[in-house]
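What follows draws every value from the coordinates through simple rules; no lab data is involved. Bear in mind the structure is a predicted one, so any value in this text is a computation, not a measurement. Here the Cβ is made from the backbone with ideal geometry for all residues, glycine too, and neighbour counts use every protein chain on show.
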Amino acid sequence: MGKINIRGGTPHGWTSLCATCSWAHMVTGFRDSELVVICMEVNPNLTVPFKVKDCTNYLDRNRPSYDAMTKLAIHVEPNSTLKPVGFRAKLELVHEKEAEALRD
């Protein structure tokens, strides 16, 4: 017999979003059913009795903070050997006017 796919059904084999969240406090027992998840973002702290699929206050603990990223960043300064932007004809006119002023 083949495998039947049902849209919108309960997914199997996925972990809760709380497993990688910085706000979660997880206590695990020896059995799979012995798991207590406490969300520390909510005041008062909330016990979550189910696997979480989506959370608005999710904060990935594996992702570095903004301050940590700025400390690791390499400061790159622009190169000053770039050619000037603009038309050269205007520069030539300025040189011609200076030459005429020197001739007079």
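Structure data summary
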{"item": "Cβ-defined net charge surrounding T20, 11 Å radius [Lys, Arg +1; Asp, Glu -1]", "result": "+1"}
{"item": "Phi-based couplings in Hz for segment 44-50 (Karplus 6.51, -1.76, 1.60; Gly and Pro marked x)", "result": "x, 4, 10, 8, 9, x, 9"}
{"item": "Sequence of S22, S16, S65 once ranked by neighbouring C-beta atoms within 10 Å, starting from the fewest", "result": "S65, S22, S16"}
{"item": "Cβ-based exposure ranking for E100, E77, E41, in which fewest neighbours within 10 Å come first", "result": "E77, E100, E41"}
{"item": "Whole-number Å³ per residue for the convex hull built on Cα positions in segment 17-79", "result": "138"}
